[in-house]
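A short write-up of the structure that comes next.
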Amino acid sequence: MGFLMRPRDARFGELLAVVAGRLVEGAQVLAEVLTDDVAVRDEARASLADVDHQAEAATLAVLSALSAAFVTPIDRTEIYRVAWSLRVCVARMDAAADEIVLFDLRTLPNGVSDLVQLVISAADVTAEAVPALARPKYLSDPWLELTRLGKQAGQTHRRLLAEITSNAKDPASMVRLTSVAQSLRRVIEAFEDVAHALQTVAVKEA
């Protein structure tokens, strides 16, 4: 689905779509970091770092276009907020992957994979929602779904912490696993910020 705007405004839709695409790509690569194959994990880590750089460049392109525009399709503050919230999602994915590799965590609790699957779902919902910025009345469903995923992530995170504290073999492992769990929770929180940004657009522009 294309981003439906007047021709002179089409660049914002295209640029935001590029950032949203990095979300989906980053989430998929994050799942690959969970493997216990060191070589595959290192390659995935490098790939996610590259996706993060691409997301940063795409976000800067949005902000550059925004600063140069006299007329914007929606309030320029909201474009900035949406673009930046998308960028933060990828940055936090990158940070979570970095922790997993640096801590050399070979065997991860199932709850870690569950959180990453929620990240993938949130990325897919967000990528599908971006084209709806031009038609704010269609933003309510993505907002509700991202909010639901956020609540589910909170429950999954709490169960994961209970599992870690009950089954960790030593204090160092417990600290490392807890840190990774919190980092993944922060990725979902970033998607919740995206949800709020989308809902603000829906309220202001509908």
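The values are calculated or read from the model by the stated rules, or taken from the named source; none is laboratory data. Predicted model, so just to flag it, every value in this text is computed and none were measured. Note that we place each Cβ from the backbone using ideal geometry, even for glycine, and neighbour counts take in every protein chain shown.
Here is the figure for the range 128-143: residues that are surrounded by 20 or more Cβ atoms within 10 Å (Cβ to Cβ) and among the aromatic types (Phe, Trp, Tyr) total 1. Remark: pairs (first residue in the range 176-194, touching a residue at least 24 places away in the same chain (Cβ under 8 Å) and at negative phi; second residue of a type in the set (Lys, Arg) and assigned to a helix (DSSP H, G or I); Cβ separation under 6 Å; 6+ apart in sequence or on different chains) = 186/92; 187/92; 190/92. The set of residues from the range 1-37 being touching a Gly at 6+ places or on another chain (Cβ under 9 Å) and modelled with pLDDT under 75 comprises 2, 3, 4, 5, 10. Of everything in the range 99-128 that is of a type in the set (Ser, Thr, Tyr) and within 10 Å of the chain's Cα centre (by Cα), the residue that is farthest from residue 40 (Cα to Cα) is 126. Filter the range 130-177 down to the residues that are under 18 Å from residue 86 (Cβ atoms) and of a type in the set (Gly, Ala, Ser), then identify the one that is farthest from the chain's Cα centre (by Cα). Ranking the candidates gives 134 first.
For the residues 56, 99, 32, the requirement of being touching a residue at least 40 places away in the same chain (Cβ under 8 Å) and in contact with a helix residue (DSSP H, G or I) (Cβ under 7 Å, 6 or more places away or on another chain) singles out 99. When each of 161, 146, 118, 177 is tested for being assigned to a helix (DSSP H, G or I) and either touching a Gly at 6+ places or on another chain (Cβ under 6 Å) or over 30 Å from residue 38 (Cβ atoms) (or both), the lone residue that passes is 146. Counting the residues of the range 11-44 that are in a helix (DSSP H, G or I), within 13 Å of residue 97 (Cα to Cα) and within 17 Å of the chain's Cα centre (by Cα) gives 8. For the range 38-56, a residue qualifies if it is small (Gly, Ala, Ser) and at pLDDT below 95, and exactly one does: 39.
Would a scan of the range 73-91 turn up a residue that is in contact with a Phe, Trp or Tyr (Cβ under 7 Å, 6 or more places away or on another chain), touching a residue at least 24 places away in the same chain (Cβ under 8 Å) and part of a loop (DSSP other than H, G, I, E, B)? Yes, the range 73-91 contains a residue that is in contact with a Phe, Trp or Tyr (Cβ under 7 Å, 6 or more places away or on another chain), touching a residue at least 24 places away in the same chain (Cβ under 8 Å) and part of a loop (DSSP other than H, G, I, E, B).
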